[in-house]
Amino acid sequence: MTAENTENTPDREFDLVLYGATGFVGTLTARYLTEAAPEGARIALAGRSADKLAAVRADLGPAAATWQLLVADSSDQAALDDLAARTKVVVTTVGPYLRYGTGMVRACAAAGTHYADLTGEPLFIRDCIDQFHDIAAETGAKIVNSCGYDSIPSDLSVFRLYRRSVEDNTGELTDTTLVAWLKGGASGGTIDSGRAMMEQIAENPSRGTILAHPYSLSPDKTMDPDVGRQSDQTLQRASAIDPSLRGWVATFVMASHNTKIVRRTNGLLGWVYGKNFRYREVMSAGSSALSPLVAAGISGGVVATMTAGALLSRIPLGRRLLDRLLPAPGTGPDEKARSSGWFTMKTFAHTTSGAKYVCTFAGQGDPGYQATAVMLGESGLCLAFDELPELAGVLTPGSAMGDPLTDRLRTAGITIDVSPA
């Protein structure tokens, strides 16, 4: 582990506060911290209910016995300000972030406190950029969004490919495609986040451009690569991406968010990936005889689901129907199901010299739950204890923590490997 990072918050009471510790993913993250935090780490659990926090702490066992409990409601700005001022880092699982997350970002940005979340909501991140980037840059706060399966595998994979191309002196990145394989389910919280975005767009249709535009999270749109249309909708043979692949690929439901994070990282780092960098993400539909039909069903299903969600969110009856049909926030699979999940992401990149690389990012455990708890926990520990680049503001995992977080995740058992393709 590298030296402790104390420059921005030298006299804080806590190293890390986990906000939302009584939620499903929050509890998984708390449990991971009992295993991964260094000896002597000053950790606190925070949420709305003192009784629920105490129950979580008791269930965590002796490793968490000395962790303090902090009560703060997301609607109480004074309580959030006090919490942020007492810690070096806030890790929050309280979403949907569009509904409940703004106050904590405001508190951390003002206090110079580092922050990590799990958001997959581009609308929320755009709001954070517009409202708090300059404040955080001034105070030295690193506000790091999307520190789970959304979007660490995507962001760090491209970051590692860039690093390898620099080491080998093979030029800038050009066409780059991530292919996802996974076993796991969508959480109630993830679905509720999607609903929150659809409801906001229903109230203000102009916000839909943030979801649609590939560079809507860019730090400076005048500097973005001019590489033509980059669609997140996909249906094609996998061999078109790389000859080693078989079967078909389809639209990846997380692509529209992850690709924006990767492009923002490129901008925050000074567009180092290259002026011809093109990026997209797809999902494998397998290589059986039925894979073309499976791929078509996946791609069509993603479009149909988004369209139906947008339409139903416009009317009270539709919202009530969604309440009945969709899993509730804060719910998730049992331990056996979480442990049996897995994910593999292979990102194929070309460079201006003609070199080709593939980055494999893979791990065991349901990606939206077990693996996400590892990624979020390590992100919080990285912000609290590692020497990091000086960059501050509303950032991405790659731009804020690229090398140290890569090292941490490898130590935690996640495969992150770049090789010639």
Original post:
If you rank Asp117, Asp11 by how much accessible surface each has, with a 1.4 Å probe, what is the order from largest down?
Top reply: Asp11, Asp117
**OP:** Evaluate the stretch 1-102: find the radius of gyration of its Cα atoms, find its Kirkwood radius, and give the ratio Rg to Rh.
**Re:** 0.95
Original post:
So how do Ser353, Ser291 rank on accessible area, 1.4 Å probe, biggest first, that is with the largest at the start?
Top reply: Ser353, Ser291
Original post:
Which value, in Å² rounded to 10, gives the accessible area of Tyr100 with a 1.4 Å probe and all protein chains present?
Top reply: 100 Å²
Subject >> Relative contact order of the stretch 95-227, pairs being alpha-carbon contacts under 8 Å that are 6 or more residues apart, as % >> reply: 29 percent
Original post:
Looking only at the stretch 379-411, which residues have a backbone nitrogen under 13 Å from a spot 7 Å from the Cα of Ala41 in the C-beta direction?
Top reply: 379-386, 408-409
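What's the magnitude of the charge dipole for the stretch 122-187 around its Cα centre, counting Lys and Arg as +1 and Asp and Glu as -1 at the beta-carbon? Answer in Debye, nearest 20.
Numbers: 6 positive and 10 negative charges, 71 e Å.
Computed charge dipole of the stretch 122-187: roughly 340 debye.
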**OP:** Compare Gly184, Gly228, Gly194 in a GNM of the chain, Cα atoms joined below 10 Å, and give the one with the largest fluctuation.
**Re:** Gly228
Subject >> Residues listed by number, the stretch 219-254, amide nitrogen under 13 Å from Ala296 label point at 7 Å toward C-beta >> reply: 235-236
Original post:
Cα atoms only, the stretch 86-171: Rg and Dmax in Å?
Top reply: 14.8, 46
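What whole-number volume per residue, in cubic angstrom, does the convex hull of the C-alpha atoms of the stretch 126-202 give? Provide the component values of the computation, followed by the final result.
Details: hull volume 13.3 nm³, N = 77.
It is 172 Å³ per residue.
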**OP:** Please work out how much accessible surface Cys108 shows to a 1.4 Å probe, ignoring ligands, DNA and RNA, in Å² rounded to 10.
**Re:** 0 Å²
Subject >> Choice from Pro404, Pro225, Pro243 showing the highest fluctuation, given a GNM over the chain with Cα pairs closer than 10 Å >> reply: Pro243
Subject >> Computed Kirkwood radius, in angstrom, where 1/r is averaged over Cα pairs of the stretch 105-259 >> reply: 17.8 Å
Original post:
So, in nm, how far is label Asp175 from label Glu138 when the simple model puts each one 7 Å beyond its Cα toward the Cβ?
Top reply: 4.6 nm
Subject >> Selected from Ala285, Ala46, Ala337 as most flexible by GNM, with the chain as the system and alpha-carbon contacts under 10 Å >> reply: Ala337
**OP:** Counting only GluC sites (Glu not before Pro) that are in a DSSP loop and have at most 15 other C-beta atoms within 10 Å, tell me the longest site-free stretch of the chain.
**Re:** 40-386
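Rounded to the nearest 5, what % of DSSP beta bridges with both residues in the chain are antiparallel?
Details: 30 of 58 bridges.
Taking every DSSP beta bridge with both residues in the chain, the antiparallel ones total about 50 percent.
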Subject >> Inter-probe distance in nm under a simple model that places probes 7 Å from Cα toward Cβ, at Arg246 and Ser231 >> reply: 2.8 nm
Original post:
Quick one: with all protein chains in place, what share of the accessible area of the stretch 91-154 is carbon or sulfur, to the nearest percent (1.4 Å probe)?
Top reply: 45 percent
Original post:
Please identify the trypsin sites (Lys or Arg not before Pro) of the stretch 206-266 that satisfy two criteria: DSSP loop assignment and at most 13 other Cβ atoms within 10 Å. Which are they?
Top reply: Arg229, Arg246
Original post:
With every protein chain left in place, what is the accessible area per residue of the stretch 332-413 in square angstrom, probe 1.4 Å?
Top reply: 32 Å²
Subject >> Sorted largest first, extent of the stretch 326-421 alpha carbons per principal axis (Å) >> reply: 48, 33, 28
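The values are calculated or read from the model by the stated rules, or taken from the named source; none is laboratory data. Bear in mind that the values here come from a model prediction, so they are computed numbers and not experimental data. Note: ideal-geometry Cβ built from the backbone for every residue, glycine included; neighbour counts use all protein chains shown. Heads up: the accessible areas ignore ligands, DNA and RNA and are worked out on the full protein's heavy atoms, side chains in. Shrake-Rupley method; radii C 1.70, N 1.55, O 1.52, S 1.80 Å.
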